[in-house]
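Remarks on the structure that follows.
The values are calculated or read from the model by the stated rules, or taken from the named source; none is laboratory data. Just so it is clear, the structure is predicted and the values come from calculations on it, not from any experiment. Virtual Cβ from ideal backbone geometry, glycine too; neighbours counted across all protein chains shown.
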Amino acid sequence: MAEVTMTVNGKSVSGTIEGRTLLADFLRTDLRLTGTHIGCDTSQCGACLVHVNGMAVKSCTMFAAEADGAEVVTIEGMANADGSLGVIQQAFQDHHGLQCGFCTPGMVMSAAALLKENPKPTEAEVREYLEGNICRCTGYHNIVKAILAASGQDVVLAAE
Amino acid sequence: MYAFDIEQPKTIAEAVAALASDEAQALGGGQTLIPTLKQRLASPETLISLTGISEMQGVCLSDRGELCVGGATTHAEVARMAAKSFPGLSGLAGHIGDPAVRNRGTVGGSLANNDPSACYPAAALGTGATIKTDRREISADDYFQGMFATDLQEGEIITEVRFPIPEVSNYQKFLQPASRFALVGVFVAKYPDGVRVAVTGASEDGVFRWTEAERALSASFEPASLEGLSIPADGMIGDIHGTPEYRAHLIGVMTRRAVAAAS
């Protein structure tokens, strides 16, 4: 067992973990931040995507010990300070970018990472960036629309 | 996963000392090792994480025209840092897995694992890279020794990879649509003294050089030079995703595309 301390959504947190404790499990079980979902547990689906030191990572494929001292942002950190939905979250609601919602936390975190890197992505760039996020309900079109809308662009899709 | 401890050394020397134990295993970005541990296919007592070692991070240019990449540098970092100086390598690094995987996976981890379908082995062999470890330098031509097999000794760490920068180069891969690994990937690099062609994903012996294509392309670097050349299906991987014949055919297709796209 080892002690780990990190900043999660702006708040300093610490815990006692095993070497094999995944970051996703630390977030969900120790911190009770259950917005981060574990879909496949094999780094395919992206539902567990969070930001570590500003970078998108799959929290099911990183050990909590490796995030010691890091800045972590999860879906719980994406709302505005007053609790209202953030720009990307609101766009997902407005454009019906979710159905069952299981993949949505990972989709929103991926979208946030993309828009930080590339504030005005093309539709093709959005689709390419979402390569590691799987959605079994929507067929992706509305997710892509939501992300384009969140970037302040028109949402006419070539692929539709 | 079985239980294990994690150590996070800050220097190469500390990591080498920690890896001297029989039950210790190096951990790069973990994008292959963590799934392997989850399946209980490995049971180390201690994982030695290499990602916190600052002397193994980053990308620079050497006086000899090589791109020097620290062993713990992520694919995303290579994609960014090599975009101008070595677009062929940048393109390869920027299409491994997906963005989140590229933010964790490292060049040293990929080469140490030597998955027969991984992309980086094609770049290392296709450029004649030098693999620098904590104790020696290994030429890529000697380094790869078959599927998941390398010249690395127990506890040896890849600290840096030096890729000679070609005049032009390109990497083309045909994706296995579920895993996103290369069903077949071909790296083509043109140097003043000749062309190198390295193939990943196809052979049961792992990454290899297609010397016949190298000779033809060294005479004239254009897709037409490959007309009439083919690779026998013997020794190619056959599975539900593709037969040996299919993979052998794809090698020709991917090589032509890489030559046409080289920049």
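Quick rundown of the values:
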item: Yes/no for B:I34 being within 14 Å of chain A (Cβ to nearest Cβ), among the aliphatic types (A, V, I, L, M) and outside any helix (DSSP H, G or I); result: no
item: Matching residues in the range B:40-58 - criterion: being surrounded by fewer than 19 Cβ atoms within 10 Å (Cβ to Cβ) and either facing another protein chain (nearest Cβ under 9 Å) or closer than 15 Å to B:T159 by Cα (or both); result: B:T46, B:G52, B:S54, B:E55, B:Q57, B:G58
item: Out of A:S110, A:S84, sole residue that is small (G, A, S) and surrounded by fewer than 24 Cβ atoms within 10 Å (Cβ to Cβ); result: A:S84
item: Options A:C103, A:C45: the member that is under 17 Å from A:C135 (Cα atoms), buried (at least 22 other Cβ atoms within 10 Å of the Cβ) and out of contact with any Ser or Thr (no Cβ under 9 Å at 6 or more places or on another chain); result: A:C45
item: The one condition in (1) buried (at least 22 other Cβ atoms within 10 Å of the Cβ); (2) over 24 Å from A:P119 (Cα atoms); (3) within 13 Å of another protein chain (Cβ to nearest Cβ) that A:C40 fails to fulfil; result: (1)
item: Matching residues, the range B:74-101, being surrounded by fewer than 21 Cβ atoms within 10 Å (Cβ to Cβ), assigned to a loop (DSSP other than H, G, I, E, B) and more than 14 Å from the chain's Cα centre (by Cα); result: B:A83, B:K84, B:S85
item: Among (1) buried (at least 19 other Cβ atoms within 10 Å of the Cβ); (2) more than 27 Å from B:Q176 (Cβ to Cβ) - the single one A:E71 does not satisfy; result: (1)
item: Residue check for B:E23: closer than 24 Å to B:N103 by Cα and within 13 Å of chain A (Cβ to nearest Cβ); result: no
item: Listing of helices (runs of 4 or more DSSP H) fully contained in the range A:55-160 that carry 2 or more residues being without any contact (Cβ under 8 Å) to a residue 24 or more places away in the chain and charged (D, E, K, R); result: A:123-129
item: Number of positions in the range A:61-93 that are within 21 Å of B:A72 (Cβ to Cβ) and more than 8 Å from chain B (Cβ to nearest Cβ); result: 6
item: Test result for A:N142, within 14 Å of chain B (Cβ to nearest Cβ) and at pLDDT 95 or above; result: no
item: Leading residue by the ranking (surrounded by the most Cβ atoms within 10 Å (Cβ to Cβ)) among those in the range B:103-123 that are hydrophobic (A, V, I, L, M, F, W, C) and in contact (Cβ under 8 Å) with a residue 60 or more places away in the chain; result: B:A123
item: Any chance B:S43 is modelled with pLDDT under 95 and not charged (D, E, K, R); result: yes
item: Members of the range B:223-258 that are of a type in the set (D, E) and in a helix (DSSP H, G or I); result: B:E245
item: Pick from the range B:136-165, criterion hydroxyl-bearing (S, T, Y) and within 13 Å of B:G206 (Cα to Cα), ranking: surrounded by the fewest Cβ atoms within 10 Å (Cβ to Cβ); result: B:T150
item: Residue that is surrounded by the fewest Cβ atoms within 10 Å (Cβ to Cβ) [pool: residues in the range B:234-263 that are among the polar types (S, T, N, Q) and within 21 Å of the chain's Cα centre (by Cα)]; result: B:S263
item: Residue count for the range B:9-29, restricted to those that are under 20 Å from B:E160 (Cβ atoms) and not in a strand (DSSP E or B); result: 13
